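The values are calculated or read from the model by the stated rules, or taken from the named source; none is laboratory data. Please read all numbers here as calculations on a predicted model, not as lab measurements. Using ideal geometry, Cβ is built from the backbone for each residue, glycine included, and neighbour counts are taken over all protein chains shown. Protein only, heavy atoms only, side chains kept; ligands, DNA and RNA dropped before computing areas. Shrake-Rupley method; radii C 1.70, N 1.55, O 1.52, S 1.80 Å.
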Amino acid sequence: MKKIGFLSFGHWTPSQQSATRSAADVLSQSIDLAVAAEELGADGAYFRVHHFARQLSSPFPLLAAIGARTSRIEIGTGVIDMRYENPLYMVEDAGSADLISGGRLQLGISRGSPEQVVEGWRYFGYQPGEGEDDAAMARRHTEVFLDQLEGKGFAEPNPRPMFPNPPGLLRLEPHSEGLRKRIWWGSATNATAEWAARLGMNLQSSTLKFDETGEPLHRQQADQIRAYRAAWKEAGHDWTPRVSVSRSIFALTTDMDRAYFGRGGNEQDSIGYIDEKTRAVFGRSYAAEPDRLIEQLKGDEAIAEADTLLLTVPNQLGVAYNAHVIEAILKHVAPGLGWR
């Protein structure tokens, strides 16, 4: 068995060809797609977070709304850029969304990706400390966030409060028990995967990774996952973590599928630079008839290593078509691979 969810980047554009022409469209359709995915038997609804872009940005109102409309499906992010976050306020937002959903939040966080603006986190009031770069700042924010999720008191109460306080130091509220074990780190390198393991976070490995060996993405990710699990074991945590990978996978079962995705052209990994120094390997897309797709996916070592698969969906094609994309994988592909 493997958990299967979707990952939406939440694109919108005022184009006649897009089913999501505004931010309102994206938000309402994201809720509707999560509801549809739950009805189809999918396991997760995950959303990417970008700032200064025509994409989803502030995730917690959306996650809370989905939590109120669904009852079973996991609700998560992949990922929140921690360079932009106030970790204490984030604890309150995450706790609220988790309680509304009944403990179904699976929160993916990370350093983030290349941005729409130069050093956008500065506009949010954050800057690296002495000796830090922006990645180190993100990790510092993360460590504060994880510490506060433990729910321990740390703030001195007012001796004359407006409302009665419980005894002792005060913690952030609302506190959601168990959320600390449902935090994931989106890692693009082996080193940050091992760091995440030491801190007791689950692992998200996306459709790109820093090119550390020159091998295909799925092999580099499989090695990353194995390094993560070794670091987890060495850290001595007393629970079993989860690992997800993201893939663009389309089962061609209708003429519309073939028109959208049946032309090929992205059947190999590609190499690019996410900044002037960093070479990255970007994963291929899978698009084929179900029988052929099953055989192709059998060779993906990273999917085999992971317990969770997130299907990146073309959200601008609308809720009905994306529900069809998810259903086709669940119905025609997952059983043939032993995922269902």
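Some observations on this one:
- Filtered by the rule that a residue be of a type outside the set (S, T, Y), touching a Ser or Thr at 6+ places or on another chain (Cβ under 9 Å) and closer than 18 Å to G272 by Cβ, segment 193-218 gives L208, K209, F210, D211, E212, L217.
- The number of residues in segment 240-276 that are in contact (Cβ under 8 Å) with a residue 40 or more places away in the chain, out of contact with any strand residue (DSSP E or B) (no Cβ under 9 Å at 6 or more places or on another chain) and part of a helix (DSSP H, G or I) comes to 1.
- Whichever residue in segment 1-59 is more than 19 Å from V333 (Cβ to Cβ) and among the basic types (K, R) and, among such residues, is most open to solvent (accessible area, probe 1.4 Å): R54
- All of R139, R182 fail the test of being of a type in the set (K, R), touching a residue at least 40 places away in the same chain (Cβ under 8 Å) and open to solvent by 40 Å² or more (accessible area, probe 1.4 Å), apart from R139.
- Residue that is nearest to F210 (Cα to Cα) [pool: residues in segment 106-136 that are in contact (Cβ under 8 Å) with a residue 60 or more places away in the chain, open to solvent by less than 30 Å² (accessible area, probe 1.4 Å) and of a type in the set (A, V, I, L, M)]: I109
- Qualifying position, being out of contact with any Leu (no Cβ under 9 Å at 6 or more places or on another chain), over 23 Å from A37 (Cα atoms), of a type in the set (A, V, I, L, M) and not in a strand (DSSP E or B), among A302, A231: A231
- Residue within segment 13-23 that is at pLDDT 95 or above, within 23 Å of L149 (Cβ to Cβ) and out of contact with any helix residue (DSSP H, G or I) (no Cβ under 8 Å at 6 or more places or on another chain) present: no
- Among residues of segment 298-327 that are within 27 Å of R54 (Cβ to Cβ), those with a Cβ under 7 angstrom from a residue that is open to solvent by 50 Å² or more (accessible area, probe 1.4 Å), sequence gap 6+ or separate chain, pair up as N315/F9; N315/H11; Q316/H11; V319/D32; A323/L40; I326/L40.
- Against the list (1) of a type in the set (A, V, I, L, M, F, W, C); (2) touching a Gly at 6+ places or on another chain (Cβ under 9 Å); (3) open to solvent by less than 10 Å² (accessible area, probe 1.4 Å); (4) in a helix (DSSP H, G or I), the condition L99 fails is (3).
- Within the set D257, D223, the sole residue that is crowded, with 17+ Cβ neighbours inside 10 Å, of a type in the set (D, E) and within 19 Å of E305 (Cβ to Cβ) turns out to be D223.
- Among all residues of segment 107-115, there is at least one that is of a type in the set (A, V, I, L, M, F, W, C) and under 16 Å from the mean Cα position of the chain (by Cα).
- With respect to the conditions (1) of a type outside the set (A, V, I, L, M); (2) crowded, with 17+ Cβ neighbours inside 10 Å; (3) more than 17 Å from the chain's Cα centre (by Cα); (4) assigned to a loop (DSSP other than H, G, I, E, B), R72 lacks only one, and its number is (2).
- Segment 143-179, residues that are modelled with pLDDT of 95 or more, hydrophobic (A, V, I, L, M, F, W, C), in a loop (DSSP other than H, G, I, E, B) and open to solvent by 40 Å² or more (accessible area, probe 1.4 Å): F154, L169
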